[in-house]
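Take a look at the structure set out below.
Every number in this text was worked out from the coordinates using simple rules, so none of it is lab data. Please read all numbers here as calculations on a predicted model, not as lab measurements. Cβ sites come from the backbone with ideal geometry, for glycine too, and all protein chains shown count toward neighbours.
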Amino acid sequence: TNVDDWTRSDAYSNSFLIGKDDVLTQIEKSNVAQGLPDISVTPAQGKFLKLLVQTTGAKRVLEVGTLGGHSTIWMARGLPKDGEIVTLEISKEYADVAEANFKVAGVADKIKTIVGPAIDTMSTLDPFFDFVFIDADKPSNLAYFTEAKRLVRKGGVIIVDNMVQYGRTADLNYSDIKVEGARTVLKALKGDKDVDATVMGTVGEKGYDGFLYAVRN
Ligand code: SAM
């Protein structure tokens, strides 16, 4: 199998379960036109995040790494009326694009975007969040995870994207800063009594990767 097969697979199941989404289709097009990298979650992953937010009953969500706000919009769709998302982005340019997208998607009133290095901005936040999605610069994953443990309530969820990276995380003959970012989190979690966690592979139009799903003890 190759990425084309998995793209077809996503398209097939999405055609039944997600269907036409004019708002996000338009937003993705304009993000590409404005030069944003094509590294946001896929629609199937975005919908999965929305369903997780919904089924955990999360009201306060923290996102690390906004880009054009694709994942933010999906998660906002899973929130109750009085729910909110704080999303952190280092690039003012990307944050501006995301904020315009939040208006288009009709979720701007639920989202607060904070511009700056997430290490700094996370340290200014007060507990408690119900749900944290970490998807920024991968070498900082452990630092973000450690801060997320401070910020999430007991029973709250922390998700880290890009833990599998085409299987390279487990290929010990291979190394780059992204893969090391995933390995560092795994090593730190061995025996960590603060959370209970698993990595679940994801495969689809962006290839083969995986989410870490952790629950705060
Ligand atoms: N979550 C987004 C989505 O699925 O639509 C995609 C996020 S993209 C993979 C990673 C984002 O993290 C980029 O927009 C990048 O500018 C941002 N980023 C990189 N380093 C950062 C840092 N130190 N602090 C905050 N954001 C950072």
(request) Sort 75, 200 so the one with the fewest other Cβ atoms within 10 Å of its own Cβ comes first. (result) 200, 75
(message) Testing the spin-label approximation: label points 7 Å from Cα along Cα→Cβ at residue 119 and residue 34. State their distance in nm.
(response) 2.8
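Which value in Å does the Kirkwood hydrodynamic radius of region 3-216 take, with 1/r averaged over all unlike C-alpha pairs and then inverted?
Final number for the Kirkwood radius of region 3-216 is 17.4 Å.
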(message) Output needed: percent of Cα pairs per 5 Å distance bin for region 56-141, bins running from 0 to the one holding the longest distance.
(response) 3, 16, 29, 25, 18, 7, 1
(request) Report the FRET efficiency, 1/(1 + (r/R0)^6), for residue 15 and residue 56, where r is their Cβ-Cβ distance and R0 is 30 Å, rounded to 0.05. (result) 0.65
(request) Given a cut-off of 27 Å, name the pairs among 103/149; 154/206; 20/206 whose C-alpha atoms lie farther apart than that in the structure shown. (result) 103/149; 154/206
(request) Only Lys, Arg, Asp and Glu count, each charged at its Cβ (+1, +1, -1, -1), so figure out the dipole size of region 3-216 about its Cα centre, rounded to 20 debye. (result) 660
